[in-house]
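Asks: Got a structure for you, questions after.
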Amino acid sequence: MPELGKYAGAVLGSWAITLGLLVLLIALTWVQARAAKRKHDEIEARRQAGQRAAEKKR
Amino acid sequence: MSALNQRTKQARDNINWIWEWANPVKFMWFSGLVLPYLIGLTVLVFGTGFVWGFFFTPEAENFGSSVKIIYVHVPSAFMAISAWFMMVVASVIWLIRRHHVSALAAKAAAPVGTVFTLIALATGALWGQPMWGTWWAWDPRLTSFLILFLFYLGYMALWAAIENPDTAADLTAVLAIVGSVFAILSRYAVNFWNQGLHQGASLSMDAEENVADVYWIPLVIAMGGFMLFFVTMVFIRTRAEIRLRRVHALELRERMADA
Amino acid sequence: MIALMLRDLRLAIRAGGGFGLGLAFFLIVVTLVPFGVGPESDILARIAPGILWLGALLACLLSLDRIFQLDFEDGSLDLLATAPLPMEGTVAVKALAHWVTTGLPLVLAAPALGVLLNLPAPGHLWVFVTLLLGTPALSMIGAFGAALTVGLKRGGLLLSLLVLPLYVPTLIFGAEAATRAIDGFDNTAPLMMLAGITLASIALLPFAAAAALRINLR
């Protein structure tokens, strides 16, 4: 750890907040992206199942 | 075809390939391919900038060790503005060429830009505290970022409030464009407004001081890291938005088929 | 155009609430300020021009959704869209009507309300002038915000969130122009900027607002 002297609080605080907020954003994004992928795959599967059923009827 | 016409057609074909990527399917394919490398590169550059800036830079005159804050404050501030600029360009492309990927990319970029703005504000305040003895000062630069933060909030709120995705895309695009004009105007207004109080006591370092290589090089790397972070996040979020849009369309179709 | 203007004016005055509410709100805000900051006359005198500007701005904000909402709901906006008057003209006229029924009364009331806040002598003239120059901008910018949110059921709060940041330059230049004049300094710069904002808003925003309305009417 470098000598931060009297500005230690400011420097460490800044970096902590930066990393903290970025990590929060990454976490949020990851959760949202995963949910989107899940919903997408579910509804695609339903659609394809429906299509296959319609094909069979013909 | 004359030689000139041929060359023009060739030039236009060369440029037009960009619009191919606007196709959502192509974008998904391309972004999926590139994403792992993008993430790796982001971690590398960002990490380097961070470590170098934090551990391996000396103290500065007048600033002491607080100069290290520039490695988070400056890149985040720069990206906060760049992100908005990208949103405006994407909005214009959407309005003119109706490429859905463009509209969704703008929507995807907004939260990232908002976080950058917050970081700029927080680090600015943390830097200001030891410098000026106060947690917040209506310094023109900080104030402008506060206003930018409000613009970001309004943009995201409008997207969230409107049900129809295309209408939302259109209205938020118009808001982004008009908002930009007012954001720039506000910058001048705030500079004017604060003339009396903190003459010259602006927060960022002067260009002269930035010239010192020992600070400049890690700063450039840090900026690169933030930029890559932005691109990576926008890619990931746009992919999610594209998927959600398809889900919305398919759900509508399902509902109509049932009806 | 004139017919539309007169119709809007009549509606605003008749449909009770449109007309007096803004004024009443202005009065209430100005009354509340001393309760919040204390009754010392020199403090009030110092912040009076800013408070008057802020109060007028907020009072303007309240009545913005009426510009398009009622017409949107009963279908008249669709009719206006197909009328021979271009949408931009419709927007401009409606913004003007809003200014006449909301902004102008605020401008006229401000010097009187300034008395409650110990507004120093030259302030009465300057608050009047700056508000006169600036309130049309508030109406026009507000009309743009209203056009964006016209399709929403409870767009009121969102409208405020969108419009208030847009109001910042007008507020800064307007309040600065008044304050500087009161303190005896030259206020040409902010005054010109204020006038510039108003003129530019009136000239350019109708296009943006009309675009937003067309999008919402689809």
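Asks: Hey, any hits in the stretch C:193-203 for a residue that's without any contact (Cβ under 8 Å) to a residue 40 or more places away in the chain and under 17 Å from residue C:87 (Cα atoms)?
Replies: Yes, the stretch C:193-203 contains at least one residue that is without any contact (Cβ under 8 Å) to a residue 40 or more places away in the chain and under 17 Å from residue C:87 (Cα atoms).
Asks: So, in the stretch B:155-166, exactly how many residues are in a helix (DSSP H, G or I) and farther than 14 Å from residue B:106 by Cα?
Replies: Result for the stretch B:155-166: 1.
Asks: Without any contact (Cβ under 8 Å) to a residue 60 or more places away in the chain and either closer than 24 Å to residue C:5 by Cα or in a helix (DSSP H, G or I) (or both): is that true of residue C:126 in this structure?
Replies: Criteria not met by residue C:126.
Asks: Hey, can you tell me all the residues within the stretch A:28-58 that are at the interface with chain B (Cβ under 7 Å from one of its Cβ atoms) and polar (S, T, N, Q)?
Replies: A:29, A:32
Asks: Something else about it: Taking the stated definitions as given, is residue B:134 surrounded by fewer than 20 Cβ atoms within 10 Å (Cβ to Cβ), not in a helix (DSSP H, G or I) and not charged (D, E, K, R)?
Replies: So residue B:134 passes the test.
Asks: Any idea which of (1) more than 10 Å from every other protein chain (Cβ to nearest Cβ); (2) of a type in the set (D, E, K, R); (3) closer than 18 Å to residue C:63 by Cα is the one residue C:186 doesn't satisfy?
Replies: So the condition that residue C:186 fails would be (3).
Asks: Continuing with this model, one more query. Within the stretch C:1-42, how many residues are of a type in the set (Val, Ile, Thr) and touching a residue at least 12 places away in the same chain (Cβ under 8 Å)?
Replies: Selection size over the stretch C:1-42: 5.
Asks: Confirm whether residue A:49 is modelled with pLDDT of 90 or more, surrounded by 10 or more Cβ atoms within 10 Å (Cβ to Cβ) and part of a helix (DSSP H, G or I).
Replies: no
Asks: Provide a single number: the residues in the stretch B:49-72 that are in contact with a Pro (Cβ under 8 Å, 6 or more places away or on another chain), within 19 Å of residue B:229 (Cα to Cα) and either of a type in the set (Val, Ile, Thr) or more than 10 Å from chain A (Cβ to nearest Cβ) (or both).
Replies: Residues flagged as in contact with a Pro (Cβ under 8 Å, 6 or more places away or on another chain), within 19 Å of residue B:229 (Cα to Cα) and either of a type in the set (Val, Ile, Thr) or more than 10 Å from chain A (Cβ to nearest Cβ) (or both) within the stretch B:49-72 amount to 2.
Asks: More than 16 Å from the chain's Cα centre (by Cα) and more than 9 Å from chain B (Cβ to nearest Cβ): does that describe residue C:210?
Replies: Yes; evaluated as a whole, the condition is true for this residue.
Asks: Starting from the stretch C:85-103, keep only residues that are acidic (Asp, Glu) and at pLDDT 90 or above, then list their pairs with residues that are surrounded by fewer than 20 Cβ atoms within 10 Å (Cβ to Cβ) and in a helix (DSSP H, G or I) whose Cβ atoms are within a distance under 8 Å, requiring at least 6 positions of separation or different chains.
Replies: Short answer, once both residue conditions are applied: C:88/C:207.
Asks: Give the residues of the stretch C:160-191 that are over 17 Å from residue C:201 (Cβ atoms) and surrounded by fewer than 22 Cβ atoms within 10 Å (Cβ to Cβ), sorted by residue number.
Replies: Listed by number, the residues that qualify are C:160, C:161, C:180, C:183, C:184, C:185, C:186, C:187, C:188, C:189.
Asks: When both residues are 6+ apart or on different chains and their Cβ atoms are under 9 Å apart, which pairs have a first residue that lies in the stretch B:241-259 and is in contact (Cβ under 8 Å) with a residue 24 or more places away in the chain, and a second that is aromatic (Phe, Trp, Tyr) and in a helix (DSSP H, G or I)?
Replies: Matching pairs, first to second residue: B:242/B:27.
Asks: Working carefully through the options A:21, A:12, A:25, find the one that is facing chain B (nearest Cβ under 8 Å), within 30 Å of residue B:61 (Cα to Cα) and at pLDDT 85 or above.
Replies: A:21
Asks: Now a separate question. Show me the helices (runs of 4 or more DSSP H) entirely contained within the stretch C:1-90 in which 3 or more residues are small (Gly, Ala, Ser).
Replies: C:18-37, C:41-62
Asks: Among C:138, C:152, C:157, C:119, which is within 14 Å of another protein chain (Cβ to nearest Cβ) and not in a helix (DSSP H, G or I)?
Replies: C:152
The values are calculated or read from the model by the stated rules, or taken from the named source; none is laboratory data. All of these numbers come straight from a predicted model, not from anything done at the bench. Here Cβ is always computed from backbone atoms with ideal geometry, including for glycine, and neighbour counts include all displayed protein chains.
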